[in-house]
Structure formats: structure tokens, C-alpha cells
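All remarks here apply to the structure that follows.
Derivation of every value follows stated rules applied to the coordinates shown; laboratory data play no part. Owing to the predicted nature of the structure, the values given are computational and were not obtained by experimental measurement. Cβ placement follows ideal geometry from the backbone for every residue including glycine, while neighbour counts extend to all protein chains displayed.
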Amino acid sequence: MVKQKYTIAALWMEGPLSYLEQLCLKSFVDAGHETVLYHYGPLQNVPDGIELADANEILPQTNFLQHERTGSPALHSDLFRYKMLKKMRNAIWADTDAYCMKPFETPNGHFYGWESKHHINGGVLGLPHDSDTLNALLDFTSDEFAIPTYYGPEYEEELIAKRDAGEPVHASEQPWGVWGPHAVTHFLHETGEARFALPQEGLYPFTFKDRRFMLRRNFDTSDYITENTYSVHLYGRRMRARLVDDGGLPHPKSLLGRLLKKHDIDPELAPIVRKPKKAQDGTVLPPILPVRAKDKVGRGKINLTDLADKYGSDKGSEKFRFAEAYQMMMLPHRNRSIRLLELGLQNGGPEKGGEIDRQTDDLPSIKMWLEYFPKGHVTGIDISDFSWFKDDRFNFVRCDLGDAEALDKVAAEMDDFDFIIDDASHTSKHQQIAFLKLFPKLKPGGFYMIEGLRDQPRKLEEPDITLTTELFESYNQGTMFKHSDPEIEAGFNDLRLDISCAMQIPAYFLKAKKNNLLTVQKR
């Protein structure tokens, strides 16, 4: 039996598509679907393989229905999809924020799914031409002042009273979703066609609340996306706002970043822009484009972030952004004969499951420091061998930071430093042993930084040990260090007189994030 091939239909009113819409539309093309994009005005950034069609053929552009509170054209979009499904055969509607995981297939023309325990969403919607639900939706939405019965008797009575008083409430002033998912859910249940709805993993594996996980780098999606997942809803309006606030681009190792690469979508060619604003005289102001790290290169004085990105250091804009904080502390010292010590020189050591005697081939941060401080001297400590790197202003010391006695010997042979940066195993005990042994080697006014306060490796982290971030929180709260190990606690408290300040900075400088960088200045 030949499977029915379904056409995917979507609507974009007019204007440029961002890479988010490009990704979703192209995912259907790449899955083998004929994909039609309806529109009213001129479009830009439409991916190859998309068929364009005049939206007036389905719903004439007489008056766009917009939701009063949000300004969203959702009401118009809701009505459009119902009329499109009635007119077309073998078509499935897909919002432009629905990503296709695999070809859409249905034996009976019904194709929709549960978004939660209570709602069936219409972001992806297939209804047969003669569906009772489709006919009910078209009948209900034919009256812009129709009174929904699915918000409870109290709200229904309120609307009836206003209608009878000559002040009917328009759909745009009713709750968001009144013609959309709420109506779809109601009429599917009323007709009994809800029995065809796919489980949540089918079309909405990530809930609205969990949408942030799609932007988290290296996030394991196996608990969400399964072999039964046809589509992933990206929650476009909120996702676009989040992306703009985060600099406009997803992390390349996030789910969204990986999907862009899979479909060969370049996000910089179709950026997400903020909604245009109007001046007081009504003039539409030009859109504000996201500012990227590379847009700033070459401006002002030499910038540490530029060098971090140049050498591929994870301290740069592509990952942790520690270089932004270091720039503020280090710029006045750039042309001085400073001494800098860095612990941990390349990713992939034992903390990441690698071997101690692994083959090392790069020193991104060391190269960054040597260029940033042209008169400075840099020392590196690592458990793996980096003696192959030769530079007159660099020396390498091989040492296990978990070996307190070995670290004592290393410290005794070192001169004092202006900056010490711990980017080694991120193991709490290693961080703390290194601090106890090396903080005394810091010059007065010098800075000691510990990176990765929230990135402890599970294989190396000892149970019940106080986290470094919690250790310094106890100090800042009461000028006393508190630790589960009395010996470590005593060692840190012995150093209190030499601490000028200890500041913890949350990841990406966002208040809602956990602390990820510690900076301690010596008196």
C-alpha cells in the first residue's frame, strides 16, 4: 500500500524570515515534504525548495485579527489554518516554529498532538476535509464575538451579560488561544476525535517551560526526543526573544545549534531582530540587530575576548566569556612585566575521561596570554605533558594538583605572581588545595581566579566535600570559612588576613545563573 504524502502548509504574513523559520521550513523540505508558504506581502530569506502561494486565496487580507494584549496575529493564523484545511486535500498545517524530525504520516488525515495533560495544540494540525472538528471550528470562528463555553460557567455568564448589554466582547479581547489550542482541544473532545491525538512526545516533546533546554549546550535530549517524535515545537515568539537577549545566536553545541548545522542554515545571514519600534511621530525606527563578538573586533584598545576567540580558548565569547571579566582587571597591566600562572592548559584531561599521558597539541590560553602581555612571563601547570611548547616567556611545570606535597615543592621554586588562574580539573578539592598552596605566592594587590565553580566532574568529585563556591559564600557572609574538612577549613581561615575581597560572578553575568567564576584579590 502506497503511503499518502502530505503537503505541509504554513503562513508568514510578510517580511524577512529569521534563521529560526528558515530551519523549520527547510526541515520539512529535507524530510521529503512538498512545503507551501503562504504570504500576504513581500518575503525575504526564503530557503530553496519552498513553494510560495498567495494567502489571499485562503483568507483575503481585509482585516488582520490580532490579540489585544500581545499584538500577536494568532487569531488570523488560527482562522487561516482552518480555512486552508477545508480547501486543500492531503495537507497538514505547521507553524513556522515547528521543526520536522521525520516525515509526517497518518492513516486517516488526523494529525495533532497533546502539548500537556490538558491541551491538544494546533501548531501542527491535520484534519480531514469532512472532519466534524474542522466544521465546528469554522462555524465557531465565523463569529468574531462568539462566546466560548470552555472557560467555565462564570466567564461564559460574564460574556453573555456584556453581549446582552450591547457590549459584546471581541475574540481579540478574550483569553489568548481562544480560537487556537483551547478551541481545538474543546471541539476535538466534543466530537470524539481527540482519540486520534498523538502523545506529547509526538509533536511537543519540550513543554513551554522546558524550551530553554533546547538552547543548553551538550544537553541530552534522549528523555524528550524519541523514535516516536515527528516534530519539535520551538515556541517561536519566546524563543526569538530569548535568543536576541543572549546575543542572537544559539550555542553551536545546543540542540538548536546542531540542527542549524544539520540543515546548512547560516544564522548570521538571516538574523533575529527585535520587533520594530515607533518614534513619537509614528515613524518606524530601523530594527536593532544583535551585536556579536566579531562585530567588535578591532574597536578600541586590544581586547582579551578577541584574542580568546582568535586562539579558540573557552574563556572567549563562544563559551564562558571569562575574558570579559579579565579584560577589566588586566588591561591596565598589559604593557607591564607581569607574571601569570595558569593551572590547566587544554581540555580533555582526566576530568573529561582522558588519560594523564594523553597526546597534547594546543595551548590556546597560553598563546592568548603571551600575546596580550607582550612583556609578561607565563607559567603553566598541568598533569599532562606540554613541554613541547617552546617560548622564551613561557615555562611549563608538570604536577598533579591533587598531590599537596608535590605542589608544595613546585610552589617553593616559583617567584610570586600578579595573576593566578585555576582552570584545571574543576574538582573542589583540587581547587582548594591549589588555593592553599598558591595564594601565598600572589603579590600584594594580585588576583587569584578560579573558573568552573559549577562544573565539577562526577568521576573525580569526592562526595560530601564542600564546594568551592559554598566555601567562599560562607566567608562573605561572616568572614569565616566553613568546610566539611576541619583541616581545609583551618587552612583557609589562616589566609583571611591577606584577602582583600572575594567576588563570585554568575555564569554569563546573569543573575539567574549559578556562580561560575571566583576572583580573590590579595591585600
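Mean sequence separation of contacting Cα pairs (under 8 Å, at least six apart), scaled by the length of the chain, corresponds to a relative contact order of 9 percent.
For a quick protection proxy, order the peptides 465-477, 260-272, 385-397, 90-102 by their average other-Cβ count within 10 Å, most packed first.
Values: 465-477: 17.8, 260-272: 15.6, 385-397: 13.9, 90-102: 21.5.
Descending mean neighbour count gives 90-102, 465-477, 260-272, 385-397.
Full extension of the chain segment joining Asp494 with Asp30 gains 160.7 nm, where the gain is 0.36 nm per residue of separation less the Cα-Cα distance.
Partners of Lys482 within straight-line reach, counting lysines whose Cα lies under 16 Å from its Cα and excluding those fewer than 8 residues away in the same chain: Lys429. Of all DSSP beta bridges confined to region 1-146, the antiparallel ones make up roughly 30%. Annotation: lysines with alpha-carbon distance below 24 angstrom to Lys367 (same-chain offsets under eight excluded): Lys294, Lys296, Lys301, Lys310, Lys315, Lys319, Lys352, Lys375, Lys390, Lys441, Lys443. Going by Cα centres, region 159-178 and region 351-418 are how many Å apart? Result: 70 Å between the Cα centres.
In this calculation the C-beta distance from His118 to Arg195 is compared with R0 = 22 Å, giving a FRET efficiency of 0.85. R0 = 30 Å: FRET efficiency of Asp415 with Arg217, Cβ-based, nearest 0.05? For R0 = 30 Å, the calculated efficiency reads 0.20.
Cβ neighbours within 10 Å, averaged per peptide: list 424-432, 220-228, 294-302, 235-243 in order, most packed at the top.
On the way: 424-432: 24.1, 220-228: 12.3, 294-302: 10.1, 235-243: 17.4.
Descending mean neighbour count gives 424-432, 235-243, 220-228, 294-302.
Multiplying the residue separation of Asp362 and Thr7 by 0.36 nm and subtracting their alpha-carbon distance yields 122.8 nm.
Restricting the GluC sites (Glu not before Pro) of region 404-464 to loop positions (DSSP other than H, G, I, E, B) with no more than 13 neighbouring Cβ atoms within 10 Å leaves Glu413. Given the choices (1) 150; (2) 257; (3) 219, volume of the Cα convex hull per residue in Å³ derived from the coordinates of this structure is entry (3).
Counting only DSSP beta bridges whose two residues both lie in region 7-269, roughly 35 percent are antiparallel.
Grab the Cα-Cα distance for Glu487 and Tyr151, subtract it from 0.36 nm times how many residues apart they are, and report the gain in nm with one decimal.
That works out to 114.7 nm of additional length.
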